[in-house]
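Written out below as structure tokens is the structure these notes cover.
What follows draws every value from the coordinates through simple rules; no lab data is involved. Just so it is clear, the structure is predicted and the values come from calculations on it, not from any experiment. Using ideal geometry, Cβ is built from the backbone for each residue, glycine included, and neighbour counts are taken over all protein chains shown.
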Amino acid sequence: TYGDWSSDVCSSDLETRTRLTLARLLVSEAPIVIIDDPSGALDREVAEDLWAVMRSAFTDRLVIATTQRLDLVDPDDLVVVLGSGSVSEQGRRQELLAGNGVFPRLWTRFVEGGENLDELRTVPALAPLSPTLLRSLSERLVTERFEAGDSVYLEGDPADRVFLVVDGIVDLYSGDRRLSSVRE
């Protein structure tokens, strides 16, 4: 049985389709279940619930699931890391994390935010912050790149974001009048 859902539908439609596909899998008696990234577009809470349901419902079946949500991989799951069309490594989560392969690098990037921490340390204003504070900040920080001439924030927009200019120039306007320029 194969569960498939498209990423071109809105989030609530995707959650509904995910639930329907899972329901079909639950009532089937297929000994092997293949699911393509069941939690990729779901929020954290829904994804955790989905994986919990799958674990309890498919205990007597072989489940092959692709995912980028490495933090939801159970420590007892067999993980197979594919790269360039072949198996680059396989094992249990802790075994793979103890090695020097692809999985520990992916774990650091997607679960611990390590790659983002290294980037944040290059920003002079953030460099003196502790690793704990940087990790907390990295969980909330979104990196955005803008082209010259892009409007990033318009006068009157809600002030719900903080911008750090890392490379470039930002011109501040009020109407058509330039008030100031901020450089990296």
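In this structure the amide hydrogen of V33, modeled in the peptide plane, comes within under 5 Å of the amide hydrogens of L62, V63, I64, none closer than 5 places in sequence on its chain. Placing a label point 7 Å from the Cα of L137 along the Cα-to-Cβ line, the residues of the stretch 151-184 whose backbone N sits under 15 Å from it are 162-167. Below 11 angstrom from the Cβ of L78, what's the summed charge of the other residues (Lys, Arg +1; Asp, Glu -1)? Its environment carries a net charge of -2. Remark: the stretch 79-95, residue by residue, has Karplus-estimated 3J(HN,Hα) of 9, 10, 9, 9, x, 6, x, 8, 6, 8, 6, 8, x, 7, 3, 5, 4 Hz, where x stands for each Gly or Pro and the curve is 6.51 cos²θ - 1.76 cosθ + 1.60 at θ = phi - 60°. Here, the stretch 35-100 is characterised by an Rg to Rh ratio of 0.97, where Rg is the alpha-carbon radius of gyration and Rh the Kirkwood radius. Note on L106 and V170: the extension gain reaches 19.7 nm, defined as 0.36 nm multiplied by sequence separation minus the Cα-Cα distance.
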